[in-house]
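Remarks on the structure that follows.
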Amino acid sequence: MGGPGERAALQGYYDDFADHYVPGWRSIQYYGPLVADFLLRAVTPECRVLDLGCGPGQLTRDLAPDVSVTGTDLSPRMLEEARRGRPQGRYELHDLHDPLPAAWGRFDVVVAVGCLEFCRDLAGTLRHLAAACAPGARLLVGAVEDRAVGTGRREFSADGLPGIDMHCYDATAQLAAASAAGLSPWSYRYVPAWRHEEYAYVVQYGLWELRRG
């Protein structure tokens, strides 16, 4: 995040409605089935899965019991909900701009969807993810894409959360970030991500399947 104040604002925002997040999320999001399809294809018995910005863990809680899930989030209450939904998982407070601790080990599958709108440095975050991946790891990454942005990144805080910067990237910047991290593109789709209720429009993702060499 941009600093301690912004991290605290984002944490407080999600702490406030952690108990009610999943019903509301189901009513406005479109990416859940796409993540489920990816996990069905990518997850194998006893593999290790990282759920970056996991929230209450709704995307990975129903994976097979022999799959090891590590979820990260800024919100302690979201992590409590995730732990309640999948008690055998590991859940850690973590800022997606920071490296993942080596002690967590390497991951075979990574999901980073529904969180990168808060990422001001996509290339840096993808480098941290790549460093935490086992060889051959498969990743699903969703970044907000605004095709009117031109090139690079821009903030869309006026359309986001008060006091919290939200970011979008064009497809060229997304691909450059993945390539700089040593991740190979497997597929790309421009898809509806979630409906912004207050401003009555649908946010679009560049949704990438990536591989770690």
* To do: Give the range 91-111 a look and list any residue that's crowded, with 17+ Cβ neighbours inside 10 Å and either among the polar types (S, T, N, Q) or touching a Gly at 6+ places or on another chain (Cβ under 7 Å) (or both), or say none.
  => Tyr91, Leu96
* Taking the range 57-90, which residues are under 23 Å from Ala42 (Cα atoms), of a type in the set (S, T, N, Q) and open to solvent by less than 40 Å² (accessible area, probe 1.4 Å)? -> Gln58, Thr60, Thr70, Thr72
* To do: Looking only at the range 30-42, decide whether some residue is assigned to a helix (DSSP H, G or I), touching a Leu at 6+ places or on another chain (Cβ under 7 Å) and more than 19 Å from Gly142 (Cβ to Cβ).
  => no
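Going by the structure shown, is Thr151 at pLDDT 90 or above, farther than 18 Å from Leu210 by Cα and β-branched (Val, Ile, Thr)?
So Thr151 does not fit the description; no.
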* Counting only residues that are open to solvent by 10 Å² or more (accessible area, probe 1.4 Å) and part of a loop (DSSP other than H, G, I, E, B), which one in the range 43-54 is nearest to Trp186 (Cα to Cα)? -> Val43
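The values are calculated or read from the model by the stated rules, or taken from the named source; none is laboratory data. Since this is a predicted model, take the numbers as computed values, not measurements. Cβ sites come from the backbone with ideal geometry, for glycine too, and all protein chains shown count toward neighbours. Side chains included, ligands, DNA and RNA excluded: accessible areas come from the protein's heavy atoms. Shrake-Rupley method; radii C 1.70, N 1.55, O 1.52, S 1.80 Å.
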